[in-house]
1. So which of 36, 79, 26 ends up being among the acidic types (Asp, Glu) and in contact with a Leu (Cβ under 9 Å, 6 or more places away or on another chain)?
2. Here is a check on your reading of the model: is residue 109 under 28 Å from residue 156 (Cα atoms), among the charged types (D, E, K, R) and at pLDDT below 95?
3. Taking residue 122, is it of a type in the set (Asp, Glu), at pLDDT 90 or above and either part of a loop (DSSP other than H, G, I, E, B) or touching a helix residue (DSSP H, G or I) at 6+ places or on another chain (Cβ under 9 Å) (or both)?
4. Can you tell me which residue among 137, 92 is surrounded by 16 or more Cβ atoms within 10 Å (Cβ to Cβ) and more than 17 Å from residue 46 (Cβ to Cβ)?
5. Any residue in the range 31-54 that is more than 14 Å from residue 124 (Cα to Cα) sitting within a Cβ distance under 6 Å of a residue that is of a type in the set (Val, Ile, Thr)? List the pairs, counting only those 6 or more apart or interchain.
6. Filter the range 42-87 for residues that are of a type in the set (Lys, Arg) and surrounded by 12 or more Cβ atoms within 10 Å (Cβ to Cβ); which is farthest from residue 134 (Cα to Cα)?
7. Going by the structure shown, is residue 39 of a type in the set (A, V, I, L, M, F, W, C), out of contact with any Asp or Glu (no Cβ under 8 Å at 6 or more places or on another chain) and open to solvent by 30 Å² or more (accessible area, probe 1.4 Å)?
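The values are calculated or read from the model by the stated rules, or taken from the named source; none is laboratory data. A quick note: this is a predicted structure, and the numbers were derived from the prediction, not measured. Note: ideal-geometry Cβ built from the backbone for every residue, glycine included; neighbour counts use all protein chains shown. Each accessible area value is taken on the protein alone, full model and side chains, heavy atoms only, with ligands, DNA and RNA left out. Shrake-Rupley method; radii C 1.70, N 1.55, O 1.52, S 1.80 Å.
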Amino acid sequence: MGFRHAMVLGPVSFFLGILFICFTVDHKLLWGALTDDIIEDGFQFYGTFFNSPTAIKALLHGMCAVGLLGLVSKLHKWDESAMFFDGSSIGIYVFALAVYLSVTIPTLRTVVTPAAMDTRSDRIEALRVLSAGNVIIGLCLGGILLMQAGQEYARRSAVVEVDEEKKKN
């Protein structure tokens with residue numbers, strides 16, 4: 001595993017950790033009975049997340065850029081492994097970023113700073129959509145980890161195969 005690999009695994013693991021923390025609220029909103037306490041917990045949690053200092057938001061977005069840069073730099077090698085594993089990882093990563101930009105950010109704004117026309121039920125629905133988006137992003141990031149693990153497994157299998165071939169000759 002090299003530096004490029006770490007540029008992918010670091011941000012992906014970082015975001016999986018953040019989503020794991022969010023999952024403590026998300027699973028209650030998605031699969032539990034909705035009570036006022038659970039809804040208020042969601043509003044409080046995501047309100048704190050949304051109103052975090054700018055440095056934290058910059059760190060999160062910087063980590064997004066590091067992950068994408070790592071995947072593009074791994075794809076630069078352009079062999080079969082890079083085309084399949086890294087190309088698929090880029091596709092999954094871009095999809096996760098699209099979910100983040102098109103679902104997470106707008107619903108966070110609806111939950112925390114609702115427009116005058118947004119009712120409480122609109123905010124609750126936005127909270128549930130935000131939770132579902134977090135689960136989708138988590139699954140995407142898990143898929144990236146699986147792709148990277150598969151790439152490393154394929155590389156090690158190829159090395160073992162070459163070594164066995166050298167021993168035969």
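1. On the way: 36 fails: in contact with a Leu (Cβ under 9 Å, 6 or more places away or on another chain); 79 fails: in contact with a Leu (Cβ under 9 Å, 6 or more places away or on another chain).
None of the others qualify; the one that does is 26.
2. Details: under 28 Å from residue 156 (Cα atoms): no; among the charged types (D, E, K, R): yes; at pLDDT below 95: yes.
Criteria not met by residue 109.
3. On the way: of a type in the set (Asp, Glu): yes; at pLDDT 90 or above: yes; either part of a loop (DSSP other than H, G, I, E, B) or touching a helix residue (DSSP H, G or I) at 6+ places or on another chain (Cβ under 9 Å) (or both): yes.
So residue 122 passes the test.
4. Working: 137 fails: more than 17 Å from residue 46 (Cβ to Cβ).
Exactly one residue qualifies, and that residue is 92.
5. Cβ pairs passing all conditions: 50/112.
6. The initial filter retains those residues of the range 42-87 that are of a type in the set (Lys, Arg), namely 57, 74, 77.
Pick out the ones that are also surrounded by 12 or more Cβ atoms within 10 Å (Cβ to Cβ) and you get 57, 74.
Details: 57: 17, 74: 26 Å.
Among residues in the range 42-87 that are of a type in the set (Lys, Arg) and surrounded by 12 or more Cβ atoms within 10 Å (Cβ to Cβ), the one farthest from residue 134 (Cα to Cα) is 74.
7. On the way: of a type in the set (A, V, I, L, M, F, W, C): yes; out of contact with any Asp or Glu (no Cβ under 8 Å at 6 or more places or on another chain): yes; open to solvent by 30 Å² or more (accessible area, probe 1.4 Å): no.
When the stated conditions are applied, residue 39 does not pass them.
So that you can scan it fast, the table gives a plain yes or no per residue for (1) more than 30 Å from residue 77 (Cα to Cα); (2) under 21 Å from the mean Cα position of the chain (by Cα); (3) open to solvent by 40 Å² or more (accessible area, probe 1.4 Å):
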{"position": "5", "(1), (2), (3)": "no, yes, no"}
{"position": "8", "(1), (2), (3)": "no, yes, no"}
{"position": "14", "(1), (2), (3)": "no, yes, yes"}
{"position": "25", "(1), (2), (3)": "yes, yes, no"}
{"position": "29", "(1), (2), (3)": "yes, yes, no"}
{"position": "34", "(1), (2), (3)": "yes, no, yes"}
